[in-house]
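What follows is calculated from the coordinates using simple rules that are stated; it is not laboratory data. Source: prediction; values computed, not measured. Note that we place each Cβ from the backbone using ideal geometry, even for glycine, and neighbour counts take in every protein chain shown.
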Amino acid sequence: MKELTNINILAIESSCDETAAAVVCNGREVLSNVISSQIALHTLYGGVVPEIASRKHIEKINQVIEEALSEAGMTLDDIDAIGVTYGPGLVGALLVGVAEAKAIAYAKKKPLVGVHHIEGHISANYIEHPDLEPPFICLVASGGHTHLVCVKDYGQYEILGRTRDDAAGEAFDKVARAIGLGYPGGPKIDKVSKEGNPEAISFPHAHMEDAPFDFSFSGVKSAVLNYINGCQMKGESYSQADIAASFQKAVVDVLVEHSMKAVEMYGMNRFAIAGGVASNSALRAAMVAACEKQGVKFYSPSPILCTDNAAMIGAAAYYEYLAGTRHGLDLNAVPNLKLGER
């Protein structure tokens with residue numbers, strides 16, 4: 001058994017449309033991080049098709065793992081544990097990664113550590129920020145999730161707020177489709193917004209009286225659709241860039257406001273963002289400004305670690321491994337897994 005100070009985790013991520021594998025040492029040193037993206041494939045359909053995603057994972061997963069081990073200069077014998085995303089996500093896609101991880105763990109007699117996908121996103125911040133340790137507040141914003149989380153300790157989370165309907169990234173995708181930008185919506189709206197006026201159109205900011213940290217983005221999405229329909233019915237033209245910029249501002253304003261309210265209420269001096277939407281340039285700039293104003297230290301992963309990847313799963317798996325988390329060969333995919341569940 002190797003010393004506990006030199007733990008190499010082979011991590012696998014396949015919760016949506018990225019097939020990814022990484023080797024991570026001690027939770028923070030990425031020795032390899034290989035991602036096979038399916039974006040070009042799903043763009044043809046305007047979004048992720050679960051059955052196609054699952055089949056593609058099957059095609060790619062062995063190749064991606066071999067590449068990750070090769071880049072790290074290791075074999076499976078050098079690995080101390082296997083970490084894998086087992087939820088939440090698309091059930092068929094998750095099953096591919098879980099089955100692969102179980103097969104390797106069984107064949108090589110290695111410990112198996114199942115990881116929550118959102119915990120992975122939060123842990124992406126540990127990779128590039130050696131000084132970041134719990135407790136802190138983290139906003140996780142992606143295509144499938146918008147969570148405001150109090151990270152009490154490694155592996156210990158309290159969800160302060162979540163979306164009541166559309167996730168932030170989902171709203172970006174739907175609005176991008178409505179204004180003719182196509183899929184994936186987030187990066188395209190971010191780019192086009194730079195040419196527009198964020199003050200051109202006033203879109204609504206949803207607030208929940210009974211849950212001040214919860215989010216709702218279906219209203220702003222509907223407001224965009226109604227605005228476009230109104231213009232079309234009146235025979236008026238509209239600016240794609242102005243709609244994108246104004247919509248983006250409405251979403252960013254709410255994300256920043258809720259986040260800073262949580263930081264203040266919980267007396268935190270550290271705040272992090274994570275998830276695909278965390279790579280949005282307007283959100284990053286607004287969060288930097290808000291944190292500076294409140295005297296809070298701001299953390300964010302590089303864009304490559306914001307989208308789905310296995311390095312973040314390796315970081316999360318390391319801390320779960322240290323905490324004694326082990327899963328048996330009965331580990332299954334849990335598409336609606338809640339954060340904090342085991």
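Among DSSP bridges having both ends in the chain, what percentage is antiparallel? Round to the nearest 5.
So the antiparallel bridges amount to about 60 percent of the total.
Taking the C-alpha atoms only, the angle from helix 218-234 to the longest principal axis of the chain is near 40 degrees.
Counting only residues at least eight positions apart within a chain, or on another chain, the lysines with an alpha carbon under 27 Å from that of LYS102 are LYS2, LYS56, LYS60, LYS110, LYS338.
Inter-label distance, MET265 to LYS297: 2.5 nm, where each label sits 7 Å from its Cα along the C-beta direction.
Remark on the chain: ratio of C-alpha radius of gyration to 2.2 N^0.38 Å is 1.00.
Pick out, from VAL113, ILE12, GLY180, the residue whose Cα sits farthest towards the positive end of the charge dipole of the chain, with +1 on the Cβ of Lys and Arg and -1 on the Cβ of Asp and Glu. Comparing the listed Cα positions along the dipole, GLY180 ranks first. Scoring 184-196, 327-339 by mean Cβ neighbours within 10 Å over their residues and listing the highest first yields 184-196, 327-339. Comparing Cα centroids, the range 259-292 and the range 176-255 end up 21 angstrom apart.
I'd like the antiparallel share, as a percent to the nearest 5, of DSSP beta bridges with both residues in the range 29-150.
Numbers: 5 of 10 bridges.
Antiparallel: roughly 50 percent of the beta bridges in the range 29-150.
Do any trypsin sites (Lys or Arg not before Pro) in the range 79-115 lie in a loop, going by DSSP, with at most 10 other beta-carbon atoms within 10 Å of their beta carbon, and if so which? Each step should come with its number before you reach the end.
On the way: sites: LYS102, LYS108, LYS109; in loops: LYS109.
In loop regions of the range 79-115 (DSSP not H, G, I, E or B), the sparsely surrounded trypsin sites (Lys or Arg not before Pro) are LYS109.
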